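To start, the structure under review is shown below, and the notes come after it.
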Amino acid sequence: MIRDAYSFIIPLILLGGLSLLLGWRSSEIFYFCSIILFILAIFVAYFFRDPEREVSDDEKLVVSPADGLVVVIKPIELDDGSLGTLVSIFLSIFDVHVNRSPLAGSIVETNYRPGKFLIATRQRASFENEQNVITVQNRYATVVFKQIAGLIARRIVFWKKKGEHVRLGERVGLIKFGSRVDIILPAQVTVLTKKGDRVKGGVSLIGRVGQ
């Protein structure tokens with residue numbers, strides 16, 4: 001479980017314990033409140049789960065940076081004028097929300113952008129929502145991925161810094177409570193997923209450099 005969970009779980013358990021004590025001394029309504037609070041604590045623990053994943057060390061692979069549903073795959077024009085591919089993954093509140101590096105390499109850029117909190121399934125969310133844009137580069141490719149806040153998710157966490165080296169599928173951050181992750185692939189990366197696929201962070205292949 002991610003350590004960020006404790007700031008939510010501890011207050012819920014304390015309030016649940018207090019409600020249980022008040023229910024024993026005064027009114028049964030507090031028993032009901034304590035049950036709700038304990039259920040919420042269990043859900044938060046589930047939400048912040050952090051399963052171990054066996055990942056490859058192949059520098060030519062691009063893996064999913066998050067668990068979720070592939071909702072968009074489309075060609076886009078990159079900043080340098082070349083063509084690339086956008087892959088968007090929607091994370092529901094029931095998905096694992098730990099984010100992983102899609103590429104083995106060095107973090108060459110991070111760029112936090114404030115914005116709106118539109119529903120993460122909407123394509124406009126890729127451009128208008130609050131987001132953290134990370135660029136990872138190795139000798140084969142440069143991949144950009146975005147941690148995008150959603151309607152409920154209003155807290156983006158990124159644990160790495162510019163210049164750090166990351167392994168393929170290494171844990172790099174977290175988006176709390178429902179969100180979206182975009183991956184921007186250069187032309188030399190062949191896309192290996194399709195719209196409607198369920199993917200797992202650090203495990204599912206999104207692309208490969210070359211054919």
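The values are calculated or read from the model by the stated rules, or taken from the named source; none is laboratory data. Since the structure is predicted, the reported quantities are computational estimates derived from the model, not experimental observations. Quick reminder, even Gly has a Cβ in these numbers, built from the backbone with ideal geometry, and neighbours come from all protein chains shown.
Note on the stretch 161-207: among residues that are in a strand (DSSP E or B), of a type in the set (Gly, Ala, Ser) and under 19 Å from Tyr46 (Cα atoms), the one that is modelled with the lowest pLDDT is Ser179. Taking the stretch 93-120 as the range and being modelled with pLDDT under 85 and touching a Leu at 6+ places or on another chain (Cβ under 9 Å) as the test, the residues that pass are His97, Phe117, Leu118, Ile119, Ala120.
Please tell me if Ala141 is touching an Asp or Glu at 6+ places or on another chain (Cβ under 6 Å) and at negative phi. Answer is no for this residue.
A single member of Ser88, Ser19, Ser82 is over 28 Å from Arg171 (Cβ atoms), touching a Ser or Thr at 6+ places or on another chain (Cβ under 7 Å) and of a type outside the set (Val, Ile, Thr), and it is Ser19. Residues in the stretch 167-211 that are crowded, with 20+ Cβ neighbours inside 10 Å, closer than 16 Å to Val71 by Cα and under 11 Å from the mean Cα position of the chain (by Cα): 6 in all.
Of the residues in the stretch 55-73, none is in a strand (DSSP E or B), surrounded by fewer than 13 Cβ atoms within 10 Å (Cβ to Cβ) and at pLDDT 90 or above.
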